[in-house]
Amino acid sequence: MDSCVLVYSMEFALNLYLVKLPFLKDWMTWLDLFVIVCGWLEIVIHFLSQPTDVYFFRDFRVLRVVRIMRLANFVRKARSLRELRKMLTMLSTCTKTLAWSMLFCFGMMTMWAMLLVELVNPLCCTDTEACIPCMKATGSIMEANLLLFKTVIAGDSWGNIAVPLIEAAPLTAILFCGSLLTLAPGQSRRWHIQVFNSKVKKEFIIKVSYMMGEDYLWAIEDWLDPEAGGLSIKNLR
C-alpha cells in the first residue's frame, strides 16, 4: 500500500513538472492530491507510537478508502470504457432529480409511518413475547420508517411483522398496501423515467438543431442565388 502512495506521488510530481499550471486547473488533479495527502497522512500515523494521546488516530484508517476515488480518473481517461462513461454521465445528470425524489419518498414514508404509530401501535398487545417486535417497530416514527423501508422498499421480512399484524387486525392491510402502492412503484421507476427524459431531451435538442441548421442552409442558398437577386460572383468582383 505504501508503494502505491509513492507511485501516486511520483506520477503527480511528473505531471506537475511536465504540464505545469494547466495541470492544476483540472478538478481531478485536486482529487488526486487529496488522495495522496490522505495516503501520506495514514503512513505517518502508522509509524507513530501508540501512546494514549494519539489513540484516536486509528480512526484515520478510513482514509485508505479515499484511494478508490482514483478509479474515477482511470475511467475518465480509458477510451475503451465508453459505455461506463455514458452511465456515469447519465448518473450525474440524474443526481439532482434522484435526490429530490428520494426526499419526496422519505416524506411519503414518514406520513405512512405516522399512521402506523397512531393506528397500529395501540392494537399491539403486551401479553406475549411475539408482540414485542410489533410494538417496537411501531413505537416511534423512526422505527416505523425503518419497518416500511425494510418491508415495502427492500421487500424483506414481510412475514415477521406485517403479515402477523394483518392477520390479527385485517384493516391494517390498508396501511401496508397503501404504502406499497405509493412507495414501491416510484422507487423502482424513478431511475428509468429520469434516464428516458434525458434521452428524449437530447434527441429533441438534436432534432431542433438539425432543423435550424437546415433552415439556415436554405437561407444561405437563397442569399447566394443570383437569379433570386442574391450575391453573385460578379458582385464579388
Long-range neighbours under 6 Å by Cβ, at least six apart or interchain, first residue of a type outside the set (Asp, Glu) within the range 15-35, second at pLDDT 80 or above
Phe23/Asn15; Phe23/Leu16
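Condition check ((1) modelled with pLDDT of 70 or more; (2) in contact with a Ser or Thr (Cβ under 6 Å, 6 or more places away or on another chain); (3) loosely packed, with under 10 Cβ neighbours inside 10 Å) across all residues:
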{"residue": "Met10", "(1), (2), (3)": "yes, no, no"}
{"residue": "Lys20", "(1), (2), (3)": "yes, no, yes"}
{"residue": "His46", "(1), (2), (3)": "yes, no, no"}
{"residue": "Tyr55", "(1), (2), (3)": "no, no, yes"}
{"residue": "Arg64", "(1), (2), (3)": "no, no, no"}
State which residue pairs qualify: first residue in the same structural domain as Thr151 (by TED's automatic domain parsing) and inside the range 168-180, second residue at pLDDT 85 or above and aromatic (Phe, Trp, Tyr) in any location, beta carbons under 9 Å apart, and separation of 6 or more residues or different chains.
Leu175/Trp112; Phe176/Trp112; Gly178/Trp112; Ser179/Trp112
Conditions (1) at pLDDT 80 or above; (2) among the β-branched types (Val, Ile, Thr); (3) under 28 Å from the mean Cα position of the chain (by Cα); number of the one not met by Thr29:
(1)
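The values are calculated or read from the model by the stated rules, or taken from the named source; none is laboratory data. This structure is a prediction, so every number in the text was calculated from the model and none was measured. Backbone-built Cβ (ideal geometry, glycine too); neighbour counts: all protein chains shown.
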